[in-house]
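All remarks here apply to the structure that follows.
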Amino acid sequence: QSTWTLVVPIADFVTAMFYDRLFEIDPGSKELFQKTNLAEQRLKLLQVLSVAIAGLDDLDRLIPIVEELGRRHAGYGVKDEHYDSVGAALIWTLQRGLGAAWNPETAAAWTEVYGVLSHVMRRAQKEAAPAFA
């Protein structure tokens, strides 16, 4: 949570870097954003991450929000493997964006948080997928 406060002031730069990295490591993911205004998408990413980070102290309230996000992703064409690409791009971006504040403890914390959140989203997405088939 403390490192997130360092990201927010440079959020536009960091979110742009995130999508550049995502499209670099997973070119196929760019298709998911063909009809998306990327400036708006970067703002949505920032908002979602801000809600998630703020909610870490109240998982009972956060989990339903993350589940709903996962259900919505079922309709966007997101595949399970995209979560791995997003995680890799997120960690790469945070490492570069945080600079000297990035250390093994920070890396472990962000990796764990993303792992938990993506697990919840993946599960909810799989449960919702038949409705979009």
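The values are calculated or read from the model by the stated rules, or taken from the named source; none is laboratory data. Because the structure is predicted, anything quoted here is derived from the model rather than measured. Here the Cβ is made from the backbone with ideal geometry for all residues, glycine too, and neighbour counts use every protein chain on show. Only protein heavy atoms, including side chains, enter the accessible area calculation; ligands, DNA and RNA are left aside. Shrake-Rupley method; radii C 1.70, N 1.55, O 1.52, S 1.80 Å.
What is segment 53-92 by shape, rounded, prolate or oblate, if you read a ≥ b ≥ c off the alpha carbon gyration tensor as root eigenvalues and call it rounded for a/c under 1.5, prolate for a/b larger than b/c, and oblate otherwise?
Because a/c hits 1.5 or more and a/b fails to exceed b/c, segment 53-92 counts as oblate.
Taking the Cα-to-Cβ direction at Lys30 and at Ile91 and moving 7 Å from each Cα, how far apart do the two end points lie in nm?
The modelled label-to-label distance comes out at 2.5 nm.
For the chain, what is the accessible area per residue in Å² when the probe is 1.4 Å?
59
In whole percent, and with a 1.4 Å probe on the protein chains, what portion of the accessible area of the chain is carbon and sulfur?
C and S atoms contribute 57 percent here.
For the chain, what is the mean residue ellipticity at 222 nm derived from helices alone (per DSSP H run of n ≥ 4: -39500 (n - 2.57); sum divided by total residues; nearest 500 deg cm²/dmol)?
-25000 deg cm²/dmol
Which aspartates and glutamates, on any chain, are close to Lys30 with Cα under 17 Å apart, when same-chain ones fewer than 8 places away are left out?
Asp20, Glu40, Asp80, Glu81, Asp84
For the chain, which span is the longest to avoid every loop-located (per DSSP) member of trypsin sites (Lys or Arg not before Pro) having at most 16 other Cβ atoms inside 10 Å? Let's see the in-between values first.
Working: sites that count: Lys35, Lys79.
Counting at most 16 other Cβ atoms within 10 Å as exposed, the longest clean stretch of the chain is 80-133.
Using the Kirkwood formula over every pair of different C-alpha atoms, what hydrodynamic radius in Å results for the chain?
One decimal place: 15.3 Å for the Kirkwood radius.
If I take every Cα pair under 8 Å that is 6 or more residues apart in the chain, average their sequence separation and divide by the length, what percent do I get for the relative contact order?
37
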